[in-house]
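Right, one structure below, let's go through it.
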Amino acid sequence: MNKNTKVLALKYRPQTFDDLIGQNVVAETISNSIKANKVPNAYLFTGIRGIGKTTTARIVAKSLNCSNGIDKLCKDDLCENCTAISNSNHIDVLEMDAASKTGVDDVRDLIEFSRYGPTTAKYKIFIIDEVHMLSKQAFNALLKTLEEPPEYLKFIFATTEIKKIPITVVSRCQRFDLSRIKSLELLDFIKKIKDKENGNVSDDALKLIIKISEGSVRDALSLLDRALLTLDKEKTLDLASAQKIFGYFDKSQLISLFDLIFEGKETEVLKTYRKIYNQGVEPKIFINDFLELLYYFKNIESLNIDGTNFSLNDEEFDRIKKISEKVNNKTLILFWQFTIKALEEFDIVSNQHLSMEMFLIRLIHLKDITNTSDTNYENSHLTNEEINQTSLSQKKDGDDLFGIKDKAETIGQMKNIAQEEDITLKDDKEFETQISPISSFDDLLKICSSKKEIKLKYQLEKNVNLVSFEDQRIEISFNEDLDKDFIKDLSLKLYEWTNNRWIITLSKTKGQPSKKQIEANLRKELLENTKNSSIYKSILKSFPDAELVDVKINVKEVKND
């Protein structure tokens, strides 16, 4: 270990293969290849940040150049070569950061330097970190040397983005994918570091560090370093203190918040969220933790406490399991989709805190809708078979199977979910208030306006071409801009407004122009007529550059006439 630094991530950096954690297969494979004198031309280490790519590269360099050999690799009393490699100043082991030296000229200098044999060590070794940052020309310049290097020359590459490296380079290397460190293994490791540093940190606080680090040893050590420096040595860093330091909040608060959402207690929900927000938790961090909790609610039966990567303790695990028993899976999936959608708002609205509160309020109302819909479905729906029997009994002579007359080359009735699903029955009093006469396409547009169904009205006016309109039957054609949910939405609203099931049919016949097209045609005709009028021609004589843009009819004058 490096005794000359106080930073834990460097102080406890592994110096031999035995010190590495979580990479046993990689360490054993490389050790065996060196012992068998079957060393590849180039190594390629890939994986997430902080799991030992550069560290492993240095250990490999030591193993190849140690004066004592691989079997007696230096651990504490380092030889001259191992000391120089650990301090990154060995004359034959060159470390290069590809992020700062990306060009072909840098690689040419490297190739030129490779022509000379090692000075004091057995091998000349080039360690290139973040190798994916090299330019395409630089990679091409490296190919020949990489494939047939001198016996004394070895390359060791490290990268976090393997997909950015040309396959021609990867195929010339012996590739090792370093895995994330398992939670229990990383916990044992930082416990030992904590004890060596005489730190007072609770196990729950250490588990939080493991969760935040996401399997990265360097991140875990950096967080532990920060935690040990924050509190006095006489005090113990507990979970609550760790959450404040790292900007995380108690999961039990989030579980309580979810329970309040499902109970529909809006005031309590907002109070709980504001309490979390006042702890310094950013809305985006909050909503990501909310998504994580939704995942646990949906899949709690198939999880165990160790499998949650220390996100939950025993009490929280049991609470989620208990609450999940009374929550419908459909509601949880809908909550997940709605939450993902809400993330997009945070890039638009400047005050994310307000967006977060409105998001929680919408979830409460969304829960009410899903619960009502589930209850109605279970208690008061007609079955598909009953609907089909009713349709058959109402069939008339000359009609097809669905009661549609054989005309206008009908290409089939596209029944949507609302038509196929069972229809909810309501009280007679509600029917009386909702029933509205719709006897024409214009009536349909009027009721859309009165019911504030602006989107539906827009689709009807702009994207629908009417073929025929009869009692409870509409035959249409449409353009490519028609909303994919149009049929479903229209059927649902027609049943809601008239208490009757309507049959909506799509036809190959082009049908009448859309309302918007009719308006555009009338406006165009009016413009042409006006341009041909004597008044407009006399205006052009006085103002030759004038151009007629629009014509508006004076409604009052028309009525008076």
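Kindly indicate the residue of region 13-62 that is surrounded by fewer than 23 Cβ atoms within 10 Å (Cβ to Cβ), hydroxyl-bearing (Ser, Thr, Tyr) and modelled with pLDDT of 90 or more and also nearest to the chain's Cα centre (by Cα) among those meeting that condition.
46
Scan the helices (runs of 4 or more DSSP H) fully inside region 485-558 and keep the ones with 1 or more residues being within 23 Å of residue 460 (Cα to Cα) and in contact with an Asp or Glu (Cβ under 8 Å, 6 or more places away or on another chain). Quick ask: steps written out before the conclusion?
Values: elements: 486-498, 515-531, 534-542.
Correct list: 486-498, 515-531.
Of these, 62, 101, which one is within 22 Å of residue 36 (Cβ to Cβ) and without any contact (Cβ under 8 Å) to a residue 60 or more places away in the chain?
Values: 101 fails: within 22 Å of residue 36 (Cβ to Cβ).
Just a single option satisfies the conditions, and that option is 62.
Considering only residues that are farther than 24 Å from residue 324 by Cα and among the acidic types (Asp, Glu), look in region 235-289 and name the one that is modelled with the highest pLDDT.
Ranking the candidates gives 238 first.
Report, ordered by the first and then the second residue, all pairs with beta carbons closer than 7 Å, sequence separation of six or more or different chains, a first member in region 500-515 that is more than 17 Å from residue 473 (Cβ to Cβ), and a second member that is of a type in the set (Ser, Thr, Tyr).
So the pair list comes out as 510/477.
Looking at (1) over 23 Å from residue 215 (Cα atoms); (2) part of a loop (DSSP other than H, G, I, E, B), find the lone condition where residue 179 falls short.
(1)
Looking at 129, 97, which one is within 17 Å of residue 161 (Cβ to Cβ), at pLDDT 90 or above and either assigned by TED's automatic domain parsing to the domain that holds residue 164 or surrounded by 13 or more Cβ atoms within 10 Å (Cβ to Cβ) (or both)? Break it down into steps so the answer makes sense when it comes.
Working: 97 fails: at pLDDT 90 or above.
It is 129.
Counting only residues that are part of a loop (DSSP other than H, G, I, E, B) and surrounded by fewer than 18 Cβ atoms within 10 Å (Cβ to Cβ), which one in region 103-122 is nearest to the chain's Cα centre (by Cα)?
That would be 103.
Taking the conditions exactly as written (in contact with a strand residue (DSSP E or B) (Cβ under 7 Å, 6 or more places away or on another chain), among the aromatic types (Phe, Trp, Tyr) and modelled with pLDDT of 80 or more), does residue 478 satisfy them or not? Can you show your working first?
Details: in contact with a strand residue (DSSP E or B) (Cβ under 7 Å, 6 or more places away or on another chain): yes; among the aromatic types (Phe, Trp, Tyr): yes; modelled with pLDDT of 80 or more: yes.
When the stated conditions are applied, residue 478 passes them.
For the structure I just gave you, tell me whether residue 140 is on the phi > 0 side of the Ramachandran plot and either free of Cβ contacts under 8 Å to residues at least 60 places away in the same chain or outside any helix (DSSP H, G or I) (or both). Break it down stepwise before answering.
Details: on the phi > 0 side of the Ramachandran plot: no; either free of Cβ contacts under 8 Å to residues at least 60 places away in the same chain or outside any helix (DSSP H, G or I) (or both): yes.
In short, no.
Name the residue, out of 423, 454, 417, that is modelled with pLDDT under 60 and loosely packed, with under 13 Cβ neighbours inside 10 Å. Walk me through it before giving the result.
Working: 423 fails: loosely packed, with under 13 Cβ neighbours inside 10 Å; 454 fails: modelled with pLDDT under 60.
On inspection, the qualifying residue turns out to be 417.
Residue 201 fails exactly one of the following numbered conditions: (1) in contact with a helix residue (DSSP H, G or I) (Cβ under 7 Å, 6 or more places away or on another chain); (2) modelled with pLDDT of 90 or more. What is the number of that condition?
Exception for residue 201: condition (2).
Regarding region 221-229, can at least one residue be identified that is over 23 Å from residue 54 (Cβ atoms) and at pLDDT below 85?
Residues of region 221-229 over 23 Å from residue 54 (Cβ atoms): 227-229.
From what is left, the residues that are at pLDDT below 85 are 229.
Taking every residue of region 221-229 in turn, at least one turns out to be over 23 Å from residue 54 (Cβ atoms) and at pLDDT below 85.
Here is a list: 51, 59. Which entry is on the phi < 0 side of the Ramachandran plot, among the β-branched types (Val, Ile, Thr) and assigned to a loop (DSSP other than H, G, I, E, B)? I'd like the intermediate steps shown before the answer.
Numbers: 59 fails: assigned to a loop (DSSP other than H, G, I, E, B).
The unique qualifying residue is 51.
The values are calculated or read from the model by the stated rules, or taken from the named source; none is laboratory data. Quick caveat, the model's predicted, so the values are computed rather than measured. We place every Cβ from the backbone using ideal geometry, glycine too, and count neighbours over all the protein chains shown.
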